[in-house]
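Nothing in this text is a laboratory measurement; each read-out follows from the coordinates by a stated rule. What you see is a predicted model, and the numbers here were worked out from it, not measured in a lab. In this analysis, Cβ positions are derived from the backbone assuming ideal geometry, glycine residues included, and neighbour counts consider all displayed protein chains.
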Amino acid sequence: MKTNWSRLICFAILLFLVPAVVAAQDPSGLAASPAPSAAAPAKSTQGATTASAPVSSTQRASTAPQFQPRDPRYKIAASDSFDLTFPLSPEYNQLAVAVQPDGFVALFGVGDLKVQGLTIPELNDAIRKAYAGILHDPIISIVLKDFNKPYFIADGQVGHPGKYDLRADTTVTQAVAIAGGFTEDAKHSQVLVFRRVSDAWVSTQVYDIKKMEAKGDLKEDPYLHPGDTVFVPKNALSKIKPFIPNPGFGAYIPVK
């Protein structure tokens, strides 16, 4: 009986001594804690498991709007034409090179070349590379002869909606005047200007022309960019006008 009690006492002493020895060897107390797996999902403070798929830079670039530079250069478009001259090799000169509807031009000695969407410096580089196989470091000169003129579009409640040449610096109020002014149904306080900033994105700005003209201050009257659309919506009264009785057409008006 005494032997059994001695064994129990020794076993109890071992149970207390082993944790004490481990704690002395690892003061941080973390030796017995398993390291979290790198693949294990993170848990929020509420206990919900959250996991997010990585987004590549290509995906971010495809969803973000690509804005135009401050002073964009003109880009060659279909139906444009230009003179191409080689000062040192005049046999390759071409006058009035026409850009075809598919964006290609036909060049002497090198065949078809896609030029639509290129600026003049880019066009110069593309043609020099095209002729590099037959001419050593060719020198060329390009002069645009026919191209899309800068324009703006006036739409909505203006006297003469349509497309107009943008020949000089033109503000929104000037554009409305060029297009025949506001009609009686126009909402002067909410004139919209649509501006394409990329192939997939269009910016929209709203201007209170009524307030500008009432104050006699046009400092906030913005200048248009080539390709802008000025849209004047209808006012609230014009939308309900068809439902307002007109005394001239036999409407009943009680006499008091």
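Exposure proxy for Thr204, Thr85, Thr170: other Cβ atoms within 10 Å of each Cβ, ordered fewest to most, give Thr204, Thr85, Thr170. Note on Gln190 and Glu213: their simple-model spin labels are 1.8 nm apart, each label 7 Å out from Cα toward Cβ. The mean sequence separation of alpha-carbon pairs under 8 Å and at least six residues apart, normalised by the residue count of the range 81-146, gives a relative contact order of 41 percent. Per residue, the Cα convex hull of the range 77-203 amounts to 133 Å³. In whole angstrom, the range 95-149 maps to an equivalent ellipsoid with semi-axes of 19, 13, 10, each derived as √(5λ) from the alpha carbon gyration tensor and ordered largest first. Calculated translational diffusion coefficient of the range 151-240 (10 °C, 1.306 mPa s; Stokes-Einstein with Kirkwood radius over alpha-carbon pairs) equals 120 µm²/s. In terms of surrounding Cβ atoms within a 10 Å radius of their Cβ, Lys75, Lys215 rank from fewest to most as Lys215, Lys75.
Among Lys149/Lys187; Lys75/Lys234; Lys75/Lys163; Lys149/Lys210; Lys114/Lys145, which pairs are too far apart, with a Cα-Cα distance over 28 Å? Show your work: numbers first, answer last.
Values: Lys149/Lys187 30 Å; Lys75/Lys234 36 Å; Lys75/Lys163 20 Å; Lys149/Lys210 31 Å; Lys114/Lys145 18 Å.
Distance filter (> 28 Å) returns Lys149/Lys187; Lys75/Lys234; Lys149/Lys210.
Residue exposure proxy: Lys187, Lys145, ordered by other Cβ atoms within 10 angstrom of their Cβ from fewest to most, comes out as Lys145, Lys187.
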